[in-house]
Amino acid sequence: MEELNELLGKISGFVWGIPLIVLLVGTGIFLTFRLGFLQIRSLPYALKLTFSRKQDHQSVGDISHFQALTTASAATIGTGNIVGVATAIYYGGPGAVFWMFLAGLFGMATKYGEAILAVKYRVKDAQGKMAGGPMYYLEYGLKQKWLGVLFAIFGALAAFGIGNGTQAKAVADLMDSTFSVPAWVTGIVLVLFAGAVIIGGIKWIGRVTSYFVPFMALFYIIAGLYVMITKFHLVPDAIATIFSHAFSGEAALGGTIGAVIRYGVARGLFSNEAGMGSAPIAAAAAKSDLPGRQALVSMVQVLFDTLIICSITGITIVMSGLWEDKSIEAGVLTSSAFESLIGSVGPYLITFGILFFASSTILGWSYYGEKCFQYLFKNSKAIWFYRTIFVLFIFIGATTSLDVIWSLSDILNGLMAIPNLIGLIGLSGVIVLETKRLQEKVKGEKESGAMTKGM
């Protein structure tokens with residue numbers, strides 16, 4: 001088993017090597033310029049769409065703009081926001097935080113493009129529910145069904161790793177180490193919680209995450225801001241350290257600027273999943289009159305995930321100065337940083353943060369995997385089979401060592417991104433046309449007095 005895990009680790013390192021990272025970031029930069037830095041220009045309007053009390057309930061779809069956002073956020077705001085950031089700083093030094101932020105900024109354009117295509121090429125399944133995502137825009141937009149099939153296979157399998165077993169294991173280990181709760185007890189509780197939500201499909205998932213995700217995100221943001229405010233005298237130096245190390249190889253274990261960039265960009269993209277093709281599956285279920293409206297809402301996810309939550313984690317770690325102590329393992333670096341800054345309550349805040357983040361990830365990824373499985377088999381009974389196996393695997397994940405599955409899921413996540421990025425580049429013209437269509441619509445609404453603010 002150890003040899004297999006070592007082999008999978010090497011394959012994972014190859015898949016998530018420089019070529020894929022360049023392709024991921026390059027796609028974001030390409031779309032950013034094609035769309036005229038839309039993620040900056042249209043951010044006020046995107047935030048208004050996201051948090052408006054007047055959500056679109058009339059258009060075709062299964063859930064609201066906000067519920068689609070929280071479902072996708074449930075899957076992406078996870079252990080990567082805490083442990084992933086710590087790993088980036090551990091190996092790449094403080095400068096990795098800058099490159100993580102930059103990857104998030106360009107990733108907003110990627111996420112926008114994914115969502116536009118997901119809504120435009122979505123279809124209704126046999127039960128009248130919306131189905132969409134990379135597999136559909138690869139088949140119906142790019143006319144390359146084989147790429148859609150590949151994506152669906154990778155996505156259906158990856159859900160058991162990144163979105164299930166590894167998350168359940170993280171929660172079980174934390175509950176055991178912090179509160180001495182046996183892993184099997186945590187496993188049963190997670191099965192009951194997730195099963196009760198997943199059994200109801202996307203509408204139940206959307207309702208639960210619309211309450212759960214804002215709470216968990218605010219909990220962590222407030223905790224991080226509390227640390228930064230109470231220790232504000234350390235913030236300027238921390239930010240200066242991040243910038244000074246961003247363009248040098250200092251403090252990076254690799255010893256080069258390449259190591260700083262690689263770890264910052266890789267962990268940023270791993271955190272927000274921009275380009276991986278997972279989030280547009282949730283976006284496709286949204287009620288939206290135009291693909292561009294939901295795309296703007298989906299774009300906001302990266303803002304909160306990477307530009308805010310990951311940045312808070314990174315700045316806090318650098319503030320503590322513990323990033324220089326390589327005797328502290330990457331997995332506990334964030335917890336140690338919080339403890340050094342605010343005392344013994346710090347580790348408990350991180351424990352609850354990971355508990356919330358990992359639990360919500362299970363819900364979001366259950367829907368992603370289910371839709372990939374549905375695309376492959378096109379059978380309603382197959383969905384129930386997948387849901388059942390997915391829920392049962394939560395208990396297995398909580399009570400079993402899953403090093404092999406973690407390595408395998410890393411590989412599958414990278415493989416998901418490749419066909420999706422091909423689709424984004426190949427259909428970039430469609431993304432631009434749909435953006436112009438939205439701009440004209442919003443301009444008309446402004447002129448008619450229907451809206452006071454626009455793009």
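The values are calculated or read from the model by the stated rules, or taken from the named source; none is laboratory data. Because the structure is predicted, anything quoted here is derived from the model rather than measured. FYI the Cβ positions are ideal-geometry reconstructions off the backbone, even for glycines, and counts take in every protein chain you see. For the accessible areas, the whole protein counts, side chains as well, though only heavy atoms, and no ligand, DNA or RNA atoms are used. Shrake-Rupley method; radii C 1.70, N 1.55, O 1.52, S 1.80 Å.
Some values worked out for this structure:
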| read-out | value |
| --- | --- |
| Binned Cα-Cα distance frequencies in the chain - 10 Å width, integer % | 5, 22, 33, 27, 12, 2, 0 |
| Stretchable slack from I18 to R41, in nm (0.36 nm times residue separation minus alpha-carbon distance) | 5.3 nm |
| Residue-count net charge about D305 - beta-carbon cut-off 13 Å; Lys, Arg +1, Asp, Glu -1 | +1 |
| Net +/- balance of residues flanking T186 in space, Cβ distance below 10 Å, scoring K and R +1, D and E -1 | -1 |
| For the chain: relative contact order, % (alpha-carbon pairs under 8 angstrom, 6 or more apart) | 36 percent |
| K124/T388 FRET efficiency (R0 22 Å; Cβ-Cβ; nearest 0.05) | 0.35 |
| Prolate/oblate/rounded call for segment 297-455, Cα gyration tensor, a/c under 1.5 rounded | oblate |
| Spacing of the two label points (7 Å from each Cα toward its C-beta) at D289 and F247, in nm | 4.7 nm |
| For segment 299-400: relative contact order, % (alpha-carbon pairs under 8 angstrom, 6 or more apart) | 13 percent |
| Separation of the A196 and S340 label points, Cα + 7 Å toward Cβ, nm | 4.1 nm |
| Positive-pole candidate from N379, L415, W365, dipole of segment 338-449, charges at beta carbon | N379 |
| Sequence-separation-based contact order of segment 91-198, relative, with Cα cut under 8 Å and 6+ spacing, percent | 11 percent |
| Helical segments meeting 27 Å axial Cα length and Kyte-Doolittle 0.0 threshold in the chain (DSSP H) | 95-120, 201-230, 345-377, 380-399, 403-426 |
| Segment 136-257: C-alpha gyration tensor shape, a/c 1.5 cut-off, then a/b vs b/c | oblate |
| Gain on full stretching of the segment that runs from S327 to V235 - 0.36 nm per residue minus C-alpha separation | 30.7 nm |
| Calculated on alpha-carbon atoms, Rg and Dmax of segment 140-192 in Å | 17.2, 53 |
| Solvent-accessible area per residue for segment 178-337 (1.4 angstrom probe, square angstrom) | 38 Å² |
| Cleavage-rule hits (GluC sites (Glu not before Pro)) in segment 328-411: DSSP loop, at most 16 neighbouring Cβ within 10 angstrom | E329 |
| Exposure rank, largest accessible area first [M108, M228; 1.4 Å] | M228, M108 |
| Cα shape, segment 177-237, gyration tensor, a/c 1.5 rule | oblate |
| Total charge dipole magnitude, the chain, about the Cα centre, Cβ charges on Lys, Arg, Asp, Glu only, Debye to nearest 20 | 1960 debye |
| 10 °C / 1.306 mPa s Stokes-Einstein diffusion coefficient of segment 214-373, Kirkwood radius on C-alpha pairs, µm²/s | 90 µm²/s |
| Length released on extending from N379 to L4, taking residue separation times 0.36 nm less the Cα-Cα span | 131.6 nm |
| Charge context of Y112, other residues only, Cβ under 12 angstrom, K/R +1, D/E -1 | +2 |
